[in-house]
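The values are calculated or read from the model by the stated rules, or taken from the named source; none is laboratory data. The structure displayed is predicted, hence computed values, not measured ones. For neighbour counting, all protein chains shown are included, and Cβ atoms are generated from backbone atoms with ideal geometry for every residue, glycine included. For accessibility, only protein heavy atoms count, side chains too; no ligands or nucleic acids. Shrake-Rupley method; radii C 1.70, N 1.55, O 1.52, S 1.80 Å.
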Amino acid sequence: MTPDEQSLLAAWRAGDVQAGQALFRRHYGGLSRFFRSKAGDAAHELTQATFLACVEGRAAIRATSSFRAYLYGVARNILYDHYRGKSRTRELIEFGEVSCEDLSPGLAGVHAREQELELLLRAMRRIPVNAQILLELYYWERMTAREIGEVLGVPEGTVRTRIRDAKQHVEAQIARLARSPELAESTVMGFDTWAERLRQLVARD
(Lines give C-alpha, C1' and ligand atoms only; values in the text may rest on other atoms or scores of the structure.)
Protein backbone atom coordinates (compact mmCIF):
# COMPACT_ATOMS: atom_id res chain seq x y z
CA MET A 1 0.00 0.00 0.00
CA THR A 2 1.38 3.40 -0.99
CA PRO A 3 1.92 6.06 1.71
CA ASP A 4 -0.93 8.08 0.17
CA GLU A 5 -3.31 5.14 0.38
CA GLN A 6 -2.17 4.35 3.92
CA SER A 7 -2.97 7.92 4.93
CA LEU A 8 -6.39 7.78 3.29
CA LEU A 9 -7.17 4.47 4.99
CA ALA A 10 -6.03 5.75 8.40
CA ALA A 11 -8.09 8.92 8.00
CA TRP A 12 -11.15 6.95 6.88
CA ARG A 13 -10.93 4.57 9.82
CA ALA A 14 -10.70 7.62 12.09
CA GLY A 15 -14.00 8.91 10.71
CA ASP A 16 -13.00 11.02 7.68
CA VAL A 17 -15.79 10.30 5.19
CA GLN A 18 -14.05 12.17 2.36
CA ALA A 19 -10.96 9.95 2.73
CA GLY A 20 -13.18 6.90 2.32
CA GLN A 21 -14.79 8.40 -0.77
CA ALA A 22 -11.35 9.07 -2.24
CA LEU A 23 -10.37 5.42 -1.70
CA PHE A 24 -13.52 4.19 -3.38
CA ARG A 25 -13.14 6.56 -6.36
CA ARG A 26 -9.62 5.26 -6.84
CA HIS A 27 -10.81 1.65 -7.09
CA TYR A 28 -14.26 2.04 -8.61
CA GLY A 29 -13.19 1.33 -12.21
CA GLY A 30 -11.30 -1.84 -11.39
CA LEU A 31 -14.01 -3.16 -9.12
CA SER A 32 -16.72 -2.47 -11.70
CA ARG A 33 -14.63 -4.32 -14.29
CA PHE A 34 -14.20 -7.24 -11.87
CA PHE A 35 -17.96 -7.72 -11.66
CA ARG A 36 -18.75 -6.79 -15.26
CA SER A 37 -16.72 -9.68 -16.67
CA LYS A 38 -18.46 -12.22 -14.46
CA ALA A 39 -21.90 -10.85 -13.58
CA GLY A 40 -22.80 -8.59 -16.52
CA ASP A 41 -25.62 -6.15 -15.78
CA ALA A 42 -25.45 -6.84 -12.03
CA ALA A 43 -22.00 -5.19 -11.88
CA HIS A 44 -23.18 -1.82 -10.56
CA GLU A 45 -25.28 -3.36 -7.81
CA LEU A 46 -22.48 -5.69 -6.73
CA THR A 47 -19.91 -2.87 -6.78
CA GLN A 48 -22.10 -0.81 -4.45
CA ALA A 49 -22.64 -3.83 -2.20
CA THR A 50 -18.87 -4.29 -1.95
CA PHE A 51 -18.27 -0.68 -0.96
CA LEU A 52 -21.05 -0.90 1.63
CA ALA A 53 -19.53 -4.07 3.10
CA CYS A 54 -16.16 -2.30 3.31
CA VAL A 55 -17.74 0.65 5.13
CA GLU A 56 -19.40 -1.69 7.62
CA GLY A 57 -16.20 -3.66 8.17
CA ARG A 58 -13.56 -0.92 7.92
CA ALA A 59 -12.47 -1.43 11.53
CA ALA A 60 -11.26 -4.91 10.57
CA ILE A 61 -8.89 -3.66 7.85
CA ARG A 62 -5.31 -3.95 9.08
CA ALA A 63 -3.24 -0.80 8.52
CA THR A 64 -0.33 -2.94 7.29
CA SER A 65 -2.35 -4.82 4.69
CA SER A 66 -3.19 -3.80 1.15
CA PHE A 67 -6.54 -2.02 0.99
CA ARG A 68 -6.88 -3.17 -2.60
CA ALA A 69 -6.39 -6.80 -1.58
CA TYR A 70 -8.98 -6.38 1.19
CA LEU A 71 -11.40 -4.77 -1.27
CA TYR A 72 -11.14 -7.58 -3.82
CA GLY A 73 -11.38 -10.19 -1.10
CA VAL A 74 -14.73 -8.67 -0.13
CA ALA A 75 -15.71 -8.45 -3.82
CA ARG A 76 -15.00 -12.14 -4.33
CA ASN A 77 -17.31 -13.03 -1.43
CA ILE A 78 -20.01 -10.70 -2.80
CA LEU A 79 -19.72 -12.40 -6.19
CA TYR A 80 -20.01 -15.85 -4.61
CA ASP A 81 -23.11 -14.76 -2.67
CA HIS A 82 -24.58 -13.37 -5.90
CA TYR A 83 -24.20 -16.71 -7.65
CA ARG A 84 -25.46 -18.67 -4.64
CA GLY A 85 -28.54 -16.46 -4.56
CA LYS A 86 -29.32 -17.35 -8.18
CA SER A 87 -28.72 -21.07 -7.70
CA ARG A 88 -31.20 -23.63 -6.44
CA THR A 89 -28.37 -25.60 -4.81
CA ARG A 90 -26.78 -22.47 -3.26
CA GLU A 91 -24.11 -23.74 -0.86
CA LEU A 92 -23.24 -26.63 -3.19
CA ILE A 93 -21.56 -24.44 -5.83
CA GLU A 94 -17.88 -25.40 -6.22
CA PHE A 95 -16.17 -22.29 -7.59
CA GLY A 96 -12.98 -24.21 -8.27
CA GLU A 97 -14.82 -26.32 -10.82
CA VAL A 98 -17.81 -24.41 -12.19
CA SER A 99 -17.37 -21.56 -14.70
CA CYS A 100 -19.08 -18.19 -15.09
CA GLU A 101 -20.59 -19.46 -18.33
CA ASP A 102 -22.14 -22.35 -16.38
CA LEU A 103 -23.60 -19.99 -13.78
CA SER A 104 -24.59 -17.07 -16.02
CA PRO A 105 -24.50 -17.83 -19.76
CA GLY A 106 -23.44 -14.94 -21.98
CA LEU A 107 -21.97 -11.56 -21.05
CA ALA A 108 -24.52 -8.86 -21.79
CA GLY A 109 -23.20 -5.81 -23.58
CA VAL A 110 -19.64 -6.98 -24.20
CA HIS A 111 -18.81 -7.48 -27.85
CA ALA A 112 -15.38 -8.00 -29.40
CA ARG A 113 -14.61 -7.33 -33.06
CA GLU A 114 -11.20 -8.97 -33.24
CA GLN A 115 -11.33 -12.74 -33.42
CA GLU A 116 -8.63 -13.13 -30.77
CA LEU A 117 -10.50 -10.92 -28.30
CA GLU A 118 -13.76 -12.73 -28.86
CA LEU A 119 -12.01 -16.06 -28.45
CA LEU A 120 -10.21 -15.03 -25.25
CA LEU A 121 -13.44 -13.63 -23.78
CA ARG A 122 -15.25 -16.91 -24.42
CA ALA A 123 -12.33 -18.97 -23.12
CA MET A 124 -11.97 -16.94 -19.91
CA ARG A 125 -15.64 -17.43 -19.08
CA ARG A 126 -15.35 -21.19 -19.54
CA ILE A 127 -12.61 -21.83 -17.00
CA PRO A 128 -13.42 -22.26 -13.28
CA VAL A 129 -14.56 -19.05 -11.59
CA ASN A 130 -11.61 -19.11 -9.19
CA ALA A 131 -9.17 -19.39 -12.09
CA GLN A 132 -10.83 -16.51 -13.94
CA ILE A 133 -10.64 -14.30 -10.85
CA LEU A 134 -6.97 -15.16 -10.41
CA LEU A 135 -6.03 -14.26 -13.99
CA GLU A 136 -8.03 -11.03 -13.95
CA LEU A 137 -6.39 -9.87 -10.73
CA TYR A 138 -2.98 -10.65 -12.20
CA TYR A 139 -3.38 -9.39 -15.77
CA TRP A 140 -6.10 -6.75 -15.42
CA GLU A 141 -5.56 -5.29 -11.97
CA ARG A 142 -1.79 -5.92 -12.09
CA MET A 143 -1.69 -7.31 -8.58
CA THR A 144 1.45 -8.99 -7.33
CA ALA A 145 1.37 -12.63 -6.27
CA ARG A 146 1.67 -11.42 -2.69
CA GLU A 147 -1.42 -9.19 -3.01
CA ILE A 148 -3.40 -11.96 -4.67
CA GLY A 149 -2.35 -14.23 -1.83
CA GLU A 150 -3.98 -11.74 0.57
CA VAL A 151 -7.17 -11.78 -1.50
CA LEU A 152 -7.33 -15.58 -1.59
CA GLY A 153 -5.81 -16.28 1.81
CA VAL A 154 -3.03 -18.50 0.42
CA PRO A 155 0.81 -18.29 0.30
CA GLU A 156 2.52 -16.36 -2.49
CA GLY A 157 4.10 -19.54 -3.90
CA THR A 158 0.68 -21.17 -4.14
CA VAL A 159 -0.59 -18.16 -6.10
CA ARG A 160 2.22 -18.47 -8.66
CA THR A 161 1.40 -22.14 -9.18
CA ARG A 162 -2.28 -21.38 -9.56
CA ILE A 163 -1.59 -18.63 -12.11
CA ARG A 164 0.29 -21.13 -14.27
CA ASP A 165 -2.52 -23.67 -13.90
CA ALA A 166 -5.18 -21.07 -14.71
CA LYS A 167 -3.36 -19.98 -17.84
CA GLN A 168 -3.16 -23.60 -18.96
CA HIS A 169 -6.93 -23.85 -18.45
CA VAL A 170 -7.45 -20.85 -20.72
CA GLU A 171 -5.10 -22.16 -23.37
CA ALA A 172 -6.95 -25.47 -23.41
CA GLN A 173 -10.26 -23.66 -23.89
CA ILE A 174 -8.76 -21.49 -26.64
CA ALA A 175 -7.63 -24.60 -28.49
CA ARG A 176 -11.07 -26.15 -28.11
CA LEU A 177 -13.07 -23.07 -29.15
CA ALA A 178 -10.86 -21.65 -31.92
CA ARG A 179 -12.11 -21.81 -35.50
CA SER A 180 -8.62 -22.69 -36.67
CA PRO A 181 -5.23 -23.74 -35.25
CA GLU A 182 -3.80 -20.45 -36.55
CA LEU A 183 -6.31 -18.39 -34.56
CA ALA A 184 -5.60 -20.41 -31.42
CA GLU A 185 -1.86 -19.93 -31.87
CA SER A 186 -2.09 -16.16 -32.44
CA THR A 187 -4.27 -15.77 -29.35
CA VAL A 188 -1.98 -17.82 -27.11
CA MET A 189 1.23 -16.27 -28.43
CA GLY A 190 -0.10 -12.76 -27.88
CA PHE A 191 -1.84 -13.57 -24.61
CA ASP A 192 -0.52 -10.58 -22.63
CA THR A 193 -1.52 -8.14 -25.36
CA TRP A 194 -4.98 -9.64 -25.87
CA ALA A 195 -5.55 -9.79 -22.10
CA GLU A 196 -4.86 -6.05 -21.89
CA ARG A 197 -7.15 -5.34 -24.85
CA LEU A 198 -9.88 -7.40 -23.21
CA ARG A 199 -9.43 -5.42 -19.99
CA GLN A 200 -10.02 -2.21 -21.95
CA LEU A 201 -13.01 -3.67 -23.76
CA VAL A 202 -14.78 -4.77 -20.57
CA ALA A 203 -14.09 -1.40 -18.94
CA ARG A 204 -15.36 0.54 -21.98
CA ASP A 205 -18.51 -1.46 -22.62
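Of the three principal axes defined by the Cα atoms of the stretch 113-153, the extents in descending order read 35, 19, 9 Å. The alpha carbon centroids of the stretch 110-145 and the stretch 147-162 are separated by 18 Å.
Dipole magnitude of the chain about its Cα centre, charges +1 at Lys/Arg Cβ and -1 at Asp/Glu Cβ only, in debye to the nearest 20? Mind dumping the intermediate values first?
On the way: 29 positive and 27 negative charges, 44 e Å.
Around 220 debye, computed over the chain.
Each Lys and Arg adds +1 at its Cβ and each Asp and Glu adds -1 at its Cβ; summed about the Cα centre, the stretch 1-51 shows a dipole of about 140 debye. First measure r as the distance between the Cβ atoms of Arg164 and Ala203, then evaluate 1/(1 + (r/R0)^6) with R0 = 25 Å and state the FRET efficiency to the nearest 0.05. E between Arg164 and Ala203, to the nearest 0.05, is 0.45. The length gained by stretching the chain between Arg179 and Arg146 to full extension, at 0.36 nm per residue less their Cα-Cα distance, is 8.2 nm. Positive end of the dipole of the chain (Cβ unit charges, origin at the Cα centre): among Ala43, Gly20, Gly190, the Cα lying farthest that way belongs to Gly20.
For Ser99, the residues whose modelled amide H falls within less than 5 Å of its own, excluding neighbours fewer than 5 places apart on the same chain, are Val129. Each residue of the stretch 2-86 gets 85 Å³ once the volume of the Cα convex hull is shared out per residue.
Over the residues of the chain, the helix contribution to mean residue ellipticity at 222 nm works out to -22000 deg cm²/dmol, using -39500 (n - 2.57) for each DSSP H run of at least 4.
Apply the Kirkwood formula to the stretch 156-205: the hydrodynamic radius equals the inverse of the mean of 1/r over all pairs of different alpha-carbon atoms; give it in Å with one decimal.
Details: mean 1/r = 0.0829 Å⁻¹.
When all Cα pairs of the stretch 156-205 are included, the Kirkwood radius is 12.1 Å.
Cα extents for the chain along the principal axes, largest to smallest and rounded to whole angstrom: 57, 38, 32. Ranking of Glu118, Glu141, Glu156, Glu185 by solvent-accessible surface, largest first: Glu185, Glu156, Glu118, Glu141 (1.4 Å probe, protein heavy atoms only, all chains present).
Residue order by solvent-accessible surface for Thr144, Thr158, Thr50 is Thr144, Thr158, Thr50, largest first, with ligands and nucleic acids left out and a 1.4 Å probe. If a spin label sat at a point 7 angstrom from the Cα of Arg58 along the line to its beta carbon, the backbone N atoms of the stretch 1-33 nearer than 11 Å would be those of 8-24.
Note on exposure: Glu101, Glu150 ranked by accessible area (1.4 Å probe, complete protein assembly) read Glu150, Glu101, with the most exposed listed first. When the surface is traced with a 1.4 Å probe over the full set of protein chains, Met189 keeps roughly 150 Å² accessible.
Available extension along the chain between Thr193 and Glu114 is 27.2 nm, counting 0.36 nm per residue and deducting the alpha carbon span.
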